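The values are calculated or read from the model by the stated rules, or taken from the named source; none is laboratory data. Since we're looking at a predicted model, the values are computed, not measured. As a convention, Cβ positions derive from the backbone with ideal geometry for all residues, glycine included, and neighbour counts pool all protein chains shown. What goes into the accessible areas is simple: the full protein's heavy atoms, side chains included, and nothing from ligands, DNA or RNA. Shrake-Rupley method; radii C 1.70, N 1.55, O 1.52, S 1.80 Å.
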Amino acid sequence: GMIDTASGVASTVTVKPDGSVLSFGTNFRGQLGRGLPDNGPYPVPALITGLLAKEVSSGDAYAIVTEPGGTLKAFGRNDNGQLGLGSLDFLPHPTPVSVPGISGVFATVAGRDSVLALIGEPAPGGTIRAWGGNGFGVLGIGSLFPSLKQAVLAENLTVARPNFSVAEGSITATSVQIVCGTPGSVIHYTT
């Protein structure tokens, strides 16, 4: 009955249809989110109490959980700022903590030590915020340095070419539909 799951280094976090979150595996950096201070292993899925989710992403010994209201909770390692707390440390974070200053999230993806979150609405699209480790420029923020703060991606704002429902040229009176694949774009045209 799971609706989403993510596996990190030797650990798995799963979301059930009612939004409850379970975890299993090893816990060496607190990545099971159950408040446990030991390494485990915990081979049987168990509930992370007090946490509801619609989505989860896991990286290398940490997890990012998207709550039903679009806010984020994080747990596990934070040595590159991947928990989004605005700082880094080498301590395990075994209990889910709120990621400050972020809301309206509809999707996340976690890498080894970096996170990207989509903010906005799924249909028209949104903005991407990124934080954590930035090896090889994986955050897309225009630098190679880690980002402890949520950075907005440097996007190429080129607009896609509109598609016309009727071919160009002389036509008799007809209805014409113009569609563009770029969310939020404005189309200017002449007849």
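Summing Lys, Arg as +1 and Asp, Glu as -1, what charge do residues with Cβ under 12 Å from the Cβ of Ala63 carry, Ala63 excluded? My count for the surroundings of Ala63 gives +1. Across the range 79-91, rounded Karplus estimates of 3J(HN,Hα) from the backbone phi angles (6.51 cos²θ - 1.76 cosθ + 1.60, θ = phi - 60°) give 6, 10, x, 5, 7, x, 8, x, 8, 10, 7, 10, 9 Hz, Gly and Pro being marked x. Across the range 1-158, Cα pairs under 8 Å and at least six residues apart give a relative contact order of 16 percent. Given a 1.4 Å probe and the protein chains as shown, Arg34 ends up with an accessible area of around 60 Å².
Amide H contacts of Asp4 (H built 1.01 Å from N, in plane; Pro and chain starts excluded): Val15 sit under 5 Å, all sequence-distant by 5 or more or on other chains. Taking all protein chains together and a 1.4 Å probe, the residues Ser87, Ser98 rank Ser98, Ser87 from largest to smallest accessible area. Taking amide H atoms as placed 1.01 Å from N in the peptide plane, the amide H of Ala107 lies under 5 Å from those of Leu118, each 5 or more residues away in sequence or on another chain. Neighbours of Arg77, meaning other residues whose beta-carbon lies under 14 angstrom from its beta-carbon, give a summed charge of -2 when Lys and Arg score +1 and Asp and Glu score -1. Peptide packing for 63-71, 75-83, 51-59 was compared via the average number of neighbouring C-beta atoms within 10 Å per residue; ordered from the highest value, the list is 75-83, 51-59, 63-71. In this structure the amide hydrogen of Gly125, modeled in the peptide plane, comes within under 5 Å of no amide hydrogen from residues 5 or more places off or on another chain.
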